[in-house]
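The values are calculated or read from the model by the stated rules, or taken from the named source; none is laboratory data. Predicted model, so just to flag it, every value in this text is computed and none were measured. Cβ placement follows ideal geometry from the backbone for every residue including glycine, while neighbour counts extend to all protein chains displayed. These area figures cover heavy atoms from the full protein model, side chains too; ligands, DNA and RNA do not enter into them. Shrake-Rupley method; radii C 1.70, N 1.55, O 1.52, S 1.80 Å.
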Amino acid sequence: MMKRVLYILLGILTAASCYRFDPSEAYYTDGPIWPDYMDVTVPVGIAPLNFCYTAADGPVPVTTFSHGDMNISIKGREVVWKDREWKKLLEAAKGDDIIVKSSVLPDPWTIHVSEDDIDYGINYRLIAPGYEVYSKMGIHERELSSYKEKALLENTQFDGCVNCHAYNRGNPDNYSLHIRGSHGATLLNLDGEMAAYNTQTDSTLGFCVYPYWHPGGDYIAYSSNSTRQGFHVLADKLIEVFDLDSDLQVYDVRNNSLITSASVKKENVWETFPAFSADGRKLFFCAATPRPIPAEVEEIRYNLCSVDFDPATGSIGSRIDTLIFAEGMGRSVSFPKPSYDGRFLVYTLSDYGNFSIWHHEADLWILDLETGESRPMDKANSHDTESYHSWSSNSRWLMFSSRRDDGLYTRLFFTHIDENGQESKPFMLPQKHPLHYYSYQNRSYNVPEFVTGPVELDRAGAEKMINSSERVQFGFRWSE
Amino acid sequence: MNRRQTIICSAQSITVFLLAFAFFNFIYPYHLHYQEQMQLFRFGQDYFVESVAVPGGFCDWIGGFLVQFFYHAPAGAFILSVLLGLIQLLTWKNMGKGSFASYPLSILPAAAMFLFFCDENALVTAATAIIASLTLSYALMKISRTGLRCIITILLMPVMYMLFGSISILVPLTVGIRSIIRKENTKTILVFCSASFIVAAVTLLVARGYSPYPLNRLAFGIHYHRYHNAIPLLAWISVILVPAAMLLATAMKKDRMAALSLAIAVLPAVCLAPMFADMEKERLFGYDFMTRMGQWNKILATSDRHPADSPIAVECTNLALAKTKHMSSDMFSFFQNGPAGLVPEFTRDHFSPVPTGTVYYHLGMINTAQTFFFEAQEGIPDFQKSARLTQMLAKTNLINGDYEVARKYVNALKQTVFYRKWAKETEKLLDDPALIDKVPEYSWMRSVRMKDHDFMFSQEEMDSMLGLLYVENKANVMAMDYLLAWCLLRKDLPRFFECHKLLQDGYDARHYQEAVVLYWALTHDGPEGMPGFVTRNVASSFARFISGFQSGRDEASMQKEFGNTYWFYYYYRFK
């Protein structure tokens, strides 16, 4: 009797816990394979691009990957690579195309293997695409050459929300991490030393958010935003996130002093999303003329601007230059991110406002900083939202978030940018069983950032720091 | 024990089981429904791996597996009773060769767990962890060689911690106590106790290194209570009562002590049960459940029997009134707490937004309903998802035309036991969206939802939103009922009159007549020109009310005669 009960229990356990590929899980049905890895460009150090066929019926496909005299065939509706074979093929095809043929599809396709390397990994926040309340969330790290993912910090350790995180050109030793909630703090890790800061001062608008490191590592640009949410009632729109006010400031890391100037703290301008230029002598940001909220929320339009910055003194210039007059186009700029080689700047363009993730029309645009020409990144964009983006440390890969698959759950994509600023068709962050993984992943990828090595975050130490009330107070000074 | 004593002991176990079943099934069924909707148990590798990756995750997975059956309260009551029965039985087994008199002591841990489960946020995981631990310690005691048993126990401790959570400390505790009772080698037991302590501490520290939880949660259990800041005290008392019962049993050898033993085991639970059982919450969960199931008449009958005076109960009662088309005629026959009784403001918790979201859903405010459902789900304190709310989110996304998102939720529900059928049927709609409009619920929701006017939801502008809903679809009578009720509950008679004036015939229900006659009396010198739909009965009743009010009749007598009128609410309630 006991044995029988045990067998039944084991049977239930096995049935309940095993994985099997189920094409009916597919809710992305455009195209014959998913994720769409046809004609994409990938770096050598990327994890296997496993995919599945979206057609549940018909003969079982055989997919053959060829380069030179290497031919690897994989049978099945789900194409799952052996890690070693994938790496061998990519190494062999570096700088060349892999030809892919399928027994069930008429035309072959290619996977171009770029000669440009990609960084070690990426960091992102995983959070449900919700409104005000948040469930489990945290900052996670994913190794790009494998499927390994680990949580760096999660809100299971404290009451609060882990928020904006930023690294200096992907350097895992220097980062800024913001915690919201009753234990609010900004954790700054400077060359392995971590401390919790109170970034709000009497002279600034509020807590420091949207960090961006100065290339020299001595400054971090922040904005302070008085952010609110509103909820639409029509079917095609859900949420509107907007600022009631915002200013910019630069934190002097060595002297613990927040610096601002009248030029970026104007009463009649909302300034946000600061980003230093590659040489560290300019500060790009978005600026809009305030409008009554919520009546004219759809009239708020941010332009792309810049102001001089002197790294020697930390002083912010007085003249504001407008680089993209989006207002004139009836559009709005957010998330300006210059490439680290100083050639390009990628930004998000939407119809209005600055919280582009909730705008289905939001697309990525690229600005050539030498010629001043700006154009949409058509190969990277889709019919749905493209929003936050980040450059790899060698400025050859751009990672961005997109809602192209279902319109709500944000996923990560990578596109190669060549020396002329031309993007390639993007590929989705690979997973071992992508269809299953993304079907049941109920959180969005948020604020993705490249890292050049694993982040060594002392989780217990950070937890202790966050849960304690001790905070180092940011100082303040006006720009000279 | 002789045959008679064995029968008495069995009768005690059966009684424990039956009492627990009767309590949960007949007195506390809505708590079980509440438990069920606080999780989304899925059959699948990812869910299993995610569950077992944290300490105690395996027992949590088993607990989740069991709680899904709480969808049907009798099944939930049966499962809880079986769990309590197993705790009692396994405690008895671990007591060794206990005497007849000591048998009732084995009820003690189960009694504590019974009280524990009176808390709606107590998780079944705690019971499964105790059962698993007691089973293992019982098996370990079968090893006759003390040293070997101790070594195996110590080696198993980290594994047990990973599978059962911190309650697994019960295993070395039980094994140690049993060895002491058996008077086995004292030195070995001492070494065993010290080693157990060290291994437990090291296990905790190791877990601290890889698990993203604070030390107190790793020590007191991650999955034993829904609120992570709450220490599941009764579950731990239950754990402590196991060795306590084992030790006490050694002193209860004589048969005549059976009564004393029974009293020790049962009386505290019986006396404490009324303190621990929260019948107010049970009523609230009842209202929520009936709202979920659309049992509108049952809600009204319940409110009739036991006046609904909590915000959620009032909200559900008003929704039931609207759904049965009695709002305009019977609303003030029930307790009203102002406009918050119609649609309360959003609060950041995991329960109260659910009935409010349901009200918005029925009104056709699909986005707002979706917000409330999503937020409630995100607010579940132990970071679970909710099968019920996932289903509602699938519905709102389907109505909104966001089919891919709806399919994602449907896919998750396909991996459940009780929502699978619904998910499969909904999947067909998603495969062929033309079929959606053939489903009355969805086609109605699509017809009454806002289509032309976009604005930001604002609780302060509820009247404008309800008005626009009605303007966009005149068939949405519920929106107009809510708009008029909103004005009445706010005592905003000019706005009520303004809205009411715009309506065609058919809005002459009793409360509207009462409001019109009151408004007329407050703003005019005489009845001349008063809308003709006010009946003579209402007018004369109002005259009596005003006369009584002006002559200073006491409130109780006014309530007796006019308690179900708008006038009484206007002058005596929600001041």
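Structure notes:
- For beta carbons closer than 6 Å, sequence separation of 6+ or different chains, a first residue in region B:419-437 that is within 12 Å of chain A (Cβ to nearest Cβ) and touching a residue at least 12 places away in the same chain (Cβ under 8 Å) and a second that is open to solvent by 50 Å² or more (accessible area, probe 1.4 Å) and of a type outside the set (K, R), the qualifying pairs are B:L430/B:Y403.
- Residue count for region B:442-460, restricted to those that are within 11 Å of chain A (Cβ to nearest Cβ) and open to solvent by 30 Å² or more (accessible area, probe 1.4 Å): 8.
- Residue match in region B:129-140 (condition: open to solvent by 10 Å² or more (accessible area, probe 1.4 Å) and part of a loop (DSSP other than H, G, I, E, B)): no
- B:C118 meets the conditions (1) over 21 Å from B:L84 (Cβ atoms); (2) in a loop (DSSP other than H, G, I, E, B) in every case but one. The failed one is (1).
To keep it simple, each residue is scored yes or no on (1) open to solvent by 30 Å² or more (accessible area, probe 1.4 Å); (2) part of a loop (DSSP other than H, G, I, E, B); (3) more than 23 Å from B:T91 (Cβ to Cβ).
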{"residue": "B:V175", "(1), (2), (3)": "no, no, no"}
{"residue": "B:C193", "(1), (2), (3)": "yes, no, no"}
{"residue": "B:L204", "(1), (2), (3)": "yes, no, yes"}
{"residue": "B:R208", "(1), (2), (3)": "yes, no, yes"}
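- Applying the criterion of at least 1 residues that are surrounded by 21 or more Cβ atoms within 10 Å (Cβ to Cβ) and at pLDDT 95 or above to the helices (runs of 4 or more DSSP H) found wholly in region B:255-313 leaves B:279-293, B:296-305.
- Among residues of region B:232-251 that are assigned by TED's automatic domain parsing to the domain that holds B:I222 and more than 17 Å from B:L89 (Cα to Cα), those with a beta-carbon under 8 Å from a residue that is open to solvent by 40 Å² or more (accessible area, probe 1.4 Å) and in a helix (DSSP H, G or I) at least six positions away or on a different chain give the pairs B:P232/B:F220; B:W236/B:F220; B:T250/B:I181.
- Strands (runs of 3 or more DSSP E) completely within region A:216-319 that count 1 or more residues being hydroxyl-bearing (S, T, Y), open to solvent by 20 Å² or more (accessible area, probe 1.4 Å) and in the same structural domain as A:V447 (by TED's automatic domain parsing): A:219-231
- Condition met for A:R169 (over 30 Å from B:A219 (Cβ atoms), open to solvent by less than 10 Å² (accessible area, probe 1.4 Å) and not hydroxyl-bearing (S, T, Y)): no
- Listed by first and then second residue, the pairs linking a residue in region B:36-51 that is at the interface with chain A (Cβ under 8 Å from one of its Cβ atoms) to a residue that is in a helix (DSSP H, G or I), with Cβ atoms under 6 Å apart and 6 or more places separating them unless they lie on different chains, are B:F43/A:A16; B:Q45/A:S17; B:D46/A:Y440; B:F48/A:S17.
- Among the residues of region B:386-407, those that are within 21 Å of B:V359 (Cα to Cα), more than 7 Å from chain A (Cβ to nearest Cβ) and open to solvent by 20 Å² or more (accessible area, probe 1.4 Å) comprise B:Q391, B:M392, B:K395.
- Among residues that are open to solvent by 10 Å² or more (accessible area, probe 1.4 Å), in a loop (DSSP other than H, G, I, E, B) and under 15 Å from B:I312 (Cβ atoms), B:F418 is not included.
- Pairs are defined by a Cβ separation below 7 Å, a sequence spacing of at least 6 or placement on different chains, a first member in region B:517-529 that is open to solvent by 70 Å² or more (accessible area, probe 1.4 Å), and a second member that is aliphatic (A, V, I, L, M) and not in a loop (DSSP other than H, G, I, E, B); the pairs so defined are B:L522/B:L493.
- Elements of type strands (runs of 3 or more DSSP E) in region A:154-198, at least 2 residues being touching a strand residue (DSSP E or B) at 6+ places or on another chain (Cβ under 9 Å), of a type outside the set (K, R) and within 17 Å of A:Y210 (Cβ to Cβ): A:161-168, A:171-180, A:185-190
- Selection within region B:224-259 - more than 19 Å from B:F164 (Cβ to Cβ) and among the small types (G, A, S): B:A230, B:A244, B:A245, B:A249, B:A251, B:A258, B:A259
- Subset of region A:42-68 (residues that are surrounded by fewer than 21 Cβ atoms within 10 Å (Cβ to Cβ), of a type in the set (S, T, Y) and in contact (Cβ under 8 Å) with a residue 40 or more places away in the chain): A:T63
- One residue stands out in region A:452-468 among those that are of a type in the set (V, I, T) and under 23 Å from the mean Cα position of the chain (by Cα): the one that is farthest from the other protein chains (Cβ to nearest Cβ), namely A:T452.
- Test: residue in region B:375-385 that is more than 10 Å from chain A (Cβ to nearest Cβ) and either assigned to a loop (DSSP other than H, G, I, E, B) or buried (at least 24 other Cβ atoms within 10 Å of the Cβ) (or both): no
- Residue match in region A:469-476 (condition: out of contact with any Phe, Trp or Tyr (no Cβ under 9 Å at 6 or more places or on another chain) and within 11 Å of chain B (Cβ to nearest Cβ)): no
- Scanning region B:466-492 for residues that are buried (at least 20 other Cβ atoms within 10 Å of the Cβ) and either of a type in the set (D, E, K, R) or within 18 Å of B:G338 (Cβ to Cβ) (or both) gives B:L466, B:D481, B:Y482, B:L483, B:L484, B:A485, B:W486, B:C487, B:L488, B:L489.
- Among the residues of region A:405-439, the ones that are open to solvent by less than 10 Å² (accessible area, probe 1.4 Å), farther than 29 Å from A:T371 by Cβ and of a type in the set (F, W, Y) come to 2 in all.
- Filtering region A:69-86 to residues that are open to solvent by 40 Å² or more (accessible area, probe 1.4 Å) and touching a residue at least 40 places away in the same chain (Cβ under 8 Å) leaves A:R77, A:V80, A:D83.
The rows are residues; the columns are (1) of a type in the set (K, R); (2) within 20 Å of A:S114 (Cβ to Cβ); (3) touching a Leu at 6+ places or on another chain (Cβ under 8 Å).
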| position | (1), (2), (3) |
| --- | --- |
| A:V60 | no, no, no |
| A:F65 | no, yes, yes |
| A:D69 | no, no, no |
| A:D83 | no, yes, no |
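To keep it simple, each residue is scored yes or no on (1) more than 21 Å from B:S333 (Cβ to Cβ); (2) in a loop (DSSP other than H, G, I, E, B).
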site	(1), (2)
B:C499	yes, no
B:Y507	no, yes
B:E514	no, no
B:D525	yes, yes
B:P531	yes, yes
B:F542	no, no
B:F549	no, no
B:R553	no, yes
B:E561	no, no
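- Region A:445-480 - residue that is assigned to a strand (DSSP E or B) and of a type in the set (D, E, K, R) and, of those, most open to solvent (accessible area, probe 1.4 Å): A:R477
- Selection of region A:122-151 for residues being among the hydrophobic types (A, V, I, L, M, F, W, C), at the interface with chain B (Cβ under 9 Å from one of its Cβ atoms) and farther than 15 Å from A:Q441 by Cβ yields only A:V133.
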